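For reference, the structure is listed below as structure tokens.
Each value in this text was obtained by applying a stated rule to the coordinates, not by laboratory testing. As the structure is a prediction and not an experimental result, all values here were calculated from the model. Reconstructed Cβ throughout: ideal geometry from the backbone, glycine too, with neighbour counts over all protein chains shown.
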């Protein structure tokens, strides 16, 4: 292949790999695997990272419940405790307090009044709203449910925090909940209130005015209630989304220096707020680590003088966080869920989302077109490398490209919070391109080998062909297997061959062996040898195998049927065939010398199967087998013929005739088997005269039954000269 043609083929492979990966990445299946696999890799390789110090969690946990003497169930804690916590947080300088507790039911007037007063006096508390699904006129709708009015009226902010689970773990969050009309969620409400605590509302309005904001009249005059805070957030969200350049102008005003110098913390906070309003409605969570990675202070610590706490100018999230056992409340499976069942609680996820917005470090994923381009480029690169380079160099080059891409993706994730796809490039495109490239490289050689392989299989069994193609040299070490051997022979073949010209005889034999060979192949056997007019076939397995024996017997019955059809179409030159079956351990391997080898099967089983085939001639049958072959094959109709010591053998074999399949066979055959069994039983018991009468009666009904004729002759012989030792049922044969 020319280099230009090779590069053209490589380029096509690269484009195909890139396009396939790009299309896969666009599917829901590809996106799901990217989320579940790629994020796992990137987060675990990066490990935990430090959360911003402005974020603190106050954990409602079992240990605090014990120390404070309250109920272990967070929902039953006295609201006076929460009121006291608010007082202490305010006294210690907390900027914003967010309760991830839904106060849905009224308690005693004293408790509710105390908590409401604490919330109102603090002027910095955001309460959790619940988002519920309901159906109206067959349509699924979301509805917000406020805490009890005494508390919601006192709060500085109210917001929900619905979490999407795809399918059962949390990976991203909503900043604005589109199902509720772009409603700001709890992290955004906390961020806005935090900005108002560090930067006066009037100053914020002045700053917005200098940006050229057109909707100033839609902003509330003041922000002292939850309703006014929601109005402010909704108005700003609308303005920033309507005017795409507003956030850039806002950033320029902050950097202009025309306003009084702002601390870096305040400037960063205001810019984060503007980017939140102008940004997407949902973000991927950039987790900081496993449970309690975000600074977590036990609830009880605020009642102990020995535990210093620092909440000054910080946003405090109050909620249930308990890692003392896997029996958690409000827990969510995330990429940092531990093997012992400890997940992140809802409060930790809210705090993580807030921290992501505050630091402008939620995970970012390139848009669809950029992702598609990255995957297309990577697929094209590894496709070209896999095709143009050979063997180990292709493997090394594509692996090097994959390692480089993974390193770049890891660097982008750690330093820029950018999540690039990994699953599709590394687990789909890489193996596909590598395998395809190597396949294309060796396709020509493989095609040549296949041609040789196909030619070899016409002359030797499958195993030998595979050995020759794989190694180039046949193995000389035989393999011991458990086999069922089938030997065939054509009756009066010598006479037949004298009557035919060699060419005509060869054509007949090809047709004959073709029919028998089809039965062997159909029943998963191996044609080991054809010698003259006979075949040797084998069904082999590493251990004794009932299925192999059954297939051999079915093949033998199929051969008899094929022979009948063959003889019917060649009445002048029939091939009456006898078959013998035996099973046992044999050796398979190459045999020969002088530079010539023959793949053959060796062992006493083969010789015995040939002797059993020859016994057909003496008994006037066509298909005999050792009883061990069919002992548990209820699918077959068989009759036991007797015990025979074949010529040259020291041990007797129990021989059976395979009559057909079960269920099947006519009533006549079943009746013959029953009557023959009774006669054979009398014969083997040494009752020659009784047996002779029974066999004679069988022949009167079945005059062509060869085994009955054979035994009738033996009975007459034994009545005159009994065998020695007397009564022994074994028939010793002196001829093959």
Taking the alpha-carbon set of region 649-710, what are its Rg and Dmax in Å? 12.8, 38
Relative contact order for region 617-736: what percent, with Cα pairs under 8 Å and sequence separation of 6 or more? 29
Computed [θ] at 222 nm, helices only, for the chain once each DSSP H run of length n ≥ 4 contributes -39500 (n - 2.57): -16000 deg cm²/dmol
Normalised contact order of region 55-359, rounded percent, pairs of Cα under 8 Å and 6 or more residues apart: 28
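Using only the Cα atoms of region 184-243, construct the convex hull and provide its projected area averaged over every direction, in square nanometres to one decimal.
3.9
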Full-stretch length increase - residue 217, residue 561 - with 0.36 nm per residue and alpha-carbon distance subtracted: 113.9 nm
With bins of 5 Å, the percent of all Cα-Cα pairs of region 462-633 per bin from 0 is 1, 8, 16, 20, 19, 15, 11, 6, 2, 0
Kirkwood Rh and Cα Rg combined as Rg over Rh, evaluated for region 675-715: 0.91
Long-range tail of P(r) for region 483-529 (Cα pairs > 18 Å, %): 39
Over all directions, the average projected area of the alpha-carbon convex hull for region 611-697 comes to how many nm²? 6.2
DSSP bridge pairs, region 462-633: antiparallel proportion in percent, nearest 5: 90
If you take all C-alpha pairs in region 286-344, what percent of them are over 14 Å apart? 61
Could you quote the convex hull projected area for region 595-652, Cα atoms only and averaged over all directions, in nm²? 5.9
Reviewing (1) 1.09; (2) 1.66; (3) 0.96, the figure for Cα Rg over 2.2 N^0.38 Å actually calculated from this model sits under (2)
Among beta bridges assigned by DSSP with both residues in region 55-359, the antiparallel ones amount in percent, to the nearest 5, to 40
Give the calculated FRET efficiency between residue 498 and residue 677 to the nearest 0.05, with a Förster radius of 56 Å applied to their Cβ-Cβ distance. 0.85
Using Cα centres only, tell me the gap between region 269-319 and region 376-403 in whole Å. 45
Quick calc, residue 265 & residue 132: beta-carbon distance into FRET formula, R0 41 Å, rounding 0.05, result 0.65
Compute the angle between helix 246-256 and the longest alpha-carbon principal axis of the chain, please, reported from 0 to 90 degrees and rounded to the nearest 10. 50
When you take every Cα atom in region 504-571, what is the radius of gyration, and what is Dmax, the widest Cα pair distance, in Å? 13.0, 43
What's the ranking of 182-191, 143-152 by average number of surrounding C-beta atoms within 10 Å, highest first? 182-191, 143-152
Using only Cα atoms, tell me the angle between helix 186-198 and the longest principal axis of the chain; keep it within 0 to 90° and round to the nearest 10. 30
Could you work out how much longer the chain between residue 333 and residue 40 gets when fully extended? Use 0.36 nm per residue separation minus the Cα distance between them, nm to one decimal. 104.2 nm
Distances over 26 Å make up what percent of all Cα-Cα pairs in region 24-141? 49
Residue 27 to residue 651: extension gain in nm, 0.36 nm per residue of separation minus the Cα-Cα distance? 217.6 nm
Under 17 Å from the 7 Å Cα→Cβ point of residue 275, by amide nitrogen: which residues of region 346-371? 352-367
Rounded to 5, the percent of DSSP beta bridges in the chain classed as antiparallel: 70
Specify whether the C-alpha gyration tensor of region 555-689 places it in the rounded, prolate or oblate class, a ≥ b ≥ c being the square roots of the eigenvalues: rounded for a/c under 1.5, otherwise prolate if a/b is larger than b/c and oblate if not. oblate
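Sequence gap at least 6, Cα distance under 8 Å: using those rules, report the relative contact order of the chain to the nearest whole percent.
Averaging sequence separation for qualifying contacts and normalising by length gives 12 percent for the chain.
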If packing is taken as the mean number of other Cβ atoms within 10 Å per residue, what is the order of 627-640, 43-56, highest first? 627-640, 43-56
Under a plain spin-label model, where a point goes 7 Å from the Cα along Cα-to-Cβ, how far apart in nm are residue 369 and residue 396? 4.0
Output for region 302-453 (equivalent-ellipsoid semi-axes, sqrt of 5λ from the C-alpha gyration tensor, Å, descending) is 51, 19, 12
Would you mind checking the tilt of helix 109-122 against the longest principal axis of the Cα atoms of the chain, expressed as 0 to 90 degrees and rounded to 10? 70
Can you give me the three principal axis dimensions of region 55-359 from its C-alpha atoms, in Å, biggest first? 56, 48, 39
Run the paramagnetic zone check for residue 696: 7 angstrom along Cα to Cβ, then residues of region 661-680 with backbone nitrogen under 20 Å. 675-680
Here FRET efficiency (C-beta to C-beta, residue 106 to residue 244, R₀ 56 Å, nearest 0.05) is 0.75
For the pair residue 149/residue 304, report the inter-label distance in nm, with labels modelled 7 Å from Cα in the Cβ direction. 4.2
